1. Mind checking whether some residue in region 58-65 is touching a residue at least 24 places away in the same chain (Cβ under 8 Å) and either assigned to a helix (DSSP H, G or I) or of a type outside the set (Val, Ile, Thr) (or both)?
2. Hey, among the residues in region 1-52 that are of a type in the set (Phe, Trp, Tyr) and modelled with pLDDT of 95 or more, which one's farthest from Asn86 (Cα to Cα)?
Amino acid sequence: MFGAHQIDGSLMRTCSRRAKNKNSSASDLVIRSSLPAWIVRSLRTGGINRFHTISRMTNEELLEVPGIGKRAVELIREEERKVRKNAENAE
C-alpha cells in the first residue's frame, strides 16, 4: 500500500515536469503525430519524444538515430512543419 508521502511525492514530480514543459503542448508529442509507427518507435527508442527536440536537431543528427534514414528525415521535417503551423494557428 502506498503511503501519503509517496503519493504526494509522485504528484509533486508530475507537476514539476509539467511546469518545466509548459512551452510544449500535447500536440508537440511525436506519438500523437501522423508519422508512421516505425518512425515514432525509432524516435522514441532514441529518446526523442517531442517535436521541439527535433526542431533543434540537424538532419545529420536525426540520421544518427537507429532506424532513421533519409526518407524518414523527410517525413519528420514535413510533420514538424505541420505541427509548427498548427501551434501558430492555435495562438
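1. Taking region 58-65 first, the residues touching a residue at least 24 places away in the same chain (Cβ under 8 Å) are none.
No: zero hits.
2. Trp38
The values are calculated or read from the model by the stated rules, or taken from the named source; none is laboratory data. In this text, all values refer to a predicted model and were calculated from it rather than measured experimentally. Quick reminder, even Gly has a Cβ in these numbers, built from the backbone with ideal geometry, and neighbours come from all protein chains shown.
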